[in-house]
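Peer 1: Below you will find the structure I want to go over with you.
What follows is calculated from the coordinates using simple rules that are stated; it is not laboratory data. The structure presented is a predicted model; accordingly, all values stated were derived computationally and were not measured. Positions of Cβ are generated from backbone atoms using ideal geometry, with glycine treated the same way; all protein chains shown enter the neighbour counts.
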Amino acid sequence: MLLRLACLILATASVIAVEGGTLEKDLWYVGTIAGQPAASMHAVVHRHADGSRTSRVDTRIVLKRVLFGSTTTFSVLESQTLQEDAAGKVTAFRLEQDQNGSLTTAAGKVVGREVLATVHRLDRATDQRITIPAGIELLGQQAGQDLLVRQPPAVGGSVKSGALALMGQVQVLTTTATLLEQRADGFHYRLATDIAPPATAWIDAAGDVVSMEMDAVVLKIILTRADGPVALIGAELAAAELVKSAGAPPKPQAENRYRLPPAALAALPADPFQRIDGALLVVAATAPPEALADPAHFLGAEPQLELDDPALRAWVESIVARPHADTGELAEELRLRVRARIVGKDLSKGDGSALEAFRDRRGDCTEHANLLCAALRLAKIPARSEVGVVYVPDIGSWVGHAWNSAWWDGRWHHLDSAYPGIERSMYLKLGTTSGADQMGTLAAMTKAFTHVAGATVETIPAP
């Protein structure tokens, strides 16, 4: 989850250039995470004779994932090329993302109030048609920054604009820029997007970003100008440091009670396995009965769940065809089959989809969760992927994790194909990564993450 957040933060700052026209901007930036140079950004803008622009930003992020004493390097390359008209509105685009060799590209154009895009990933092409939110203009990076310095609001006032991002599929992100301070040499803004924690940025009088900072407690990113390319060391992100532990270790029992800071407690999502009881969070091993109003919501395909792939479908159908006493037995076999399918532990993957995990047979908890979610849905069992933290007795701390919930026999059931054998009462859910409203699920997950990250989780003995 930390990897996804880091990529989102820098991706929302990236948009910009190809050749032709007059060179207008050529800027380098370095980004530090945990005090280490872990990101670089190269922004280039060309102005054409008719007033239009072609702009490009190339961003590289290098992170090191630390778990069980091993360190794995994770690298993301983002390239965003935009064409904008003389008014600064985006007319065409090409987006590329390479996560440790896993490539996703998207290209398209803007027609009226719609974005028409085609996404290519894993030898598959998916067409998208996205409506731009009412009242939002889809501006190029430089045009958006120019707007903030040429037509700034009053201090405390805000300006909204839209930008494109590639997150499995093309998304239109809304940014609200609130002016905090205006000086002769520039402007200080607070930037809030749909899905990332707020950031602050200084923009000079020429409309160029001087610096940007975002603090998500355990993930602080500072972006500053550089003279040229920067050698990236990469920042270490320890999966076991997302939250701190206090009190006796939680026990594998029917219920565990935890004390969290009030803001963190209030940010946690509703979930059948966890509930707020006064000032405590109570997490149960078994969920109570619950009606499912719309099973179809948890049965459909999504960008990370490619349910139409013939080989994946055939694999699941062969499992379903075997005799099973009930749905629970089928779900358990699917969990075991996914665990056996992913034979290589690979922390270098960022957010591999179900199909990628099925083909490569490598990954970590995210790939396990995506593949099991797809397998359950193909077997007509409503399912979703969850993210949060789990207390791992082997290392004596909370670890960032992804797992699944599936619904049958009138209630949600816990399934974990990556870390089996740990009671659900030893998990804290921060969000659901699957859902028809991808922007909404990402926003909710980020909100919970920013409030819980760095917090102390104290286990409270049962009365």
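Peer 1: To one decimal place, what orientation-averaged projected area in nm² is obtained for the convex hull of the Cα set of the stretch 2-239?
Peer 2: So the mean shadow area of the Cα hull is 13.4 nm².
Peer 1: Give the separation of the Cα centroids, the stretch 74-113 to the stretch 35-49, in Å.
Peer 2: 14 Å
Peer 1: Additional query: When only alpha-carbon atoms count, how far does the stretch 77-208 stretch along each of its three principal axes, as whole angstroms with the largest first?
Peer 2: 51, 34, 23
Peer 1: Let me ask something else. Given charges of +1 on the Cβ of Lys and Arg and -1 on the Cβ of Asp and Glu, with all other atoms neutral, how large is the dipole of the stretch 42-152 about its Cα centre, in debye to the nearest 20?
Peer 2: 200 debye
Peer 1: In nm, what is the difference between 0.36 nm times the number of residues separating ARG322 and ALA296 and their Cα-Cα distance?
Peer 2: 6.9 nm
Peer 1: Let me ask something else about it. What is the spread of the Cα atoms of the chain along each of their three principal axes, largest first, in whole Å?
Peer 2: Here the Cα extents, ordered largest to smallest, are 71, 49, 41 Å.
Peer 1: Let me ask something else. Any idea what log10 I(q)/I(0) is at q = 0.17 Å⁻¹ for the stretch 242-460, Debye with uniform C-alpha scatterers and no solvent?
Peer 2: -1.23
Peer 1: Which one of LEU77, TYR29, ALA293 is farthest out on the positive end of the charge dipole of the chain, using unit charges on Cβ (Lys, Arg +1; Asp, Glu -1) and the Cα centre as origin?
Peer 2: ALA293
Peer 1: Work out the charge dipole of the stretch 242-460 with +1 on the Cβ of Lys and Arg and -1 on the Cβ of Asp and Glu about the Cα centre, then indicate which of GLY344, GLY396, ALA331 is farthest towards its positive end.
Peer 2: Comparing the listed Cα positions along the dipole, GLY396 ranks first.
Peer 1: Working out 0.36 nm times the residue gap between VAL159 and ILE222, then minus their Cα-Cα distance, what length gain in nm do you get to one decimal?
Peer 2: Details: separation 63, 0.36 × 63 = 22.68 nm, distance 2.28 nm.
Gain in length upon complete extension: 20.4 nm.
Peer 1: Sticking with the crude label model, points 7 Å out along Cα→Cβ, report the distance from THR105 to THR22 in nm, one decimal please.
Peer 2: According to this spin-label approximation, the distance is 3.2 nm.
Peer 1: How big is the dipole moment of the chain about its Cα centre under a simple scheme where the beta carbon of each Lys and Arg is +1, that of each Asp and Glu is -1, and everything else is neutral? Debye, nearest 20, please. Intermediate values should be presented prior to the final figure.
Peer 2: Details: 44 positive and 52 negative charges, 80 e Å.
Result for the chain is approximately 380 debye, rounded to the nearest 20.
Peer 1: Give the separation of the Cα centroids, the stretch 366-384 to the stretch 125-200, in Å.
Peer 2: The distance from the Cα centre of the stretch 366-384 to that of the stretch 125-200 comes to 35 Å.
Peer 1: Where Lys and Arg each count +1 and Asp and Glu each count -1, what net charge lies around ILE136 among other residues with Cβ under 10 Å from its Cβ?
Peer 2: Taking every Cβ under 10 Å from that of ILE136, the sum is +1.
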